Amino acid sequence: MSGDINLTFGASKSSSVVATNVSTEDQIDHSGIYLFSSINKSLIIDPYSIFTLPIHPFNIHIKTFFIHTLVLTMPSSISFINNFVSIDSSKNKLQRVYQLSNSSSILPTGHILLYDSSANVLTGEWHLPTLAQSEKYEFKLGEDPDVMLVYNCTTTTNQKTNSSLITTNVLIQNYKQQKINIRFKSICELSMLCLFYDDKARSLGSHLFYELVLKARSEVVFSFTTIRLF
């Protein structure tokens, strides 16, 4: 389809589209054209219905990630006593993110339905923009109840040095029957200047980012420290 095709639908009759002498892929310049599978027979389209034509060549890969961003904030009340300590903890579900990789020449804008092949169930739907060859596109489809994150933060404030030391412990639990890809990120709120360090005291800069693979029915624990400057 290199342009719009207007179909006239009757009130009570079916409509048909016939395409003959369809050129092969090697005989057409497909640059910027949506190429559908060859049509070599009449297509019957029922009244008030939708007929789907598969795009050819169809080569799409989808990878699933589970993500969470932990934003470190200032305690709600700060004491002027030296070495003031505050503790914060929470439990969250991770967000599902789908990364679509298109290795076809072009993928037109349209609706996509995602199915879990292991359980044969619909997991979500999304409206995609037009994607060029080798382009990647990511979108979120809500929280997943089978992947949990529990964390606790202990903040020690030192008024003499105008700084705080934050120790964060994180537990991620995978209740699924398959391994999953995890993305975990931690940043400070915009009004704060922070430096992150891993559990081996190696500097990570102004934010922390982990990517890991978590096995089925398993969990992972890690910790990091943050120096916050006033």
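Read the figures in this text as sums done on the coordinates, not as results from a lab. Since the structure is predicted, the reported quantities are computational estimates derived from the model, not experimental observations. Glycine gets a Cβ as well: all are built from the backbone with ideal geometry, and neighbour counts include every protein chain shown.
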Completion exercise
Contact list, first residue from segment 114-130 and closer than 15 Å to Tyr98 by Cα, second anywhere and among the β-branched types (Val, Ile, Thr) and part of a loop (DSSP other than H, G, I, E, B), beta-carbon distance below 8 Å, six or more apart or interchain, is His127/Thr109; Leu128/Thr109; Pro129/Thr109
Completion exercise
Taking segment 95-113 and the residues there that are without any contact (Cβ under 8 Å) to a residue 40 or more places away in the chain and of a type in the set (S, T, N, Q), the one that is nearest to Ile180 (Cα to Cα) would be Gln99
Exercise for the section: Determine whether Val121 is among the aliphatic types (A, V, I, L, M) and loosely packed, with under 14 Cβ neighbours inside 10 Å. Expected result: yes
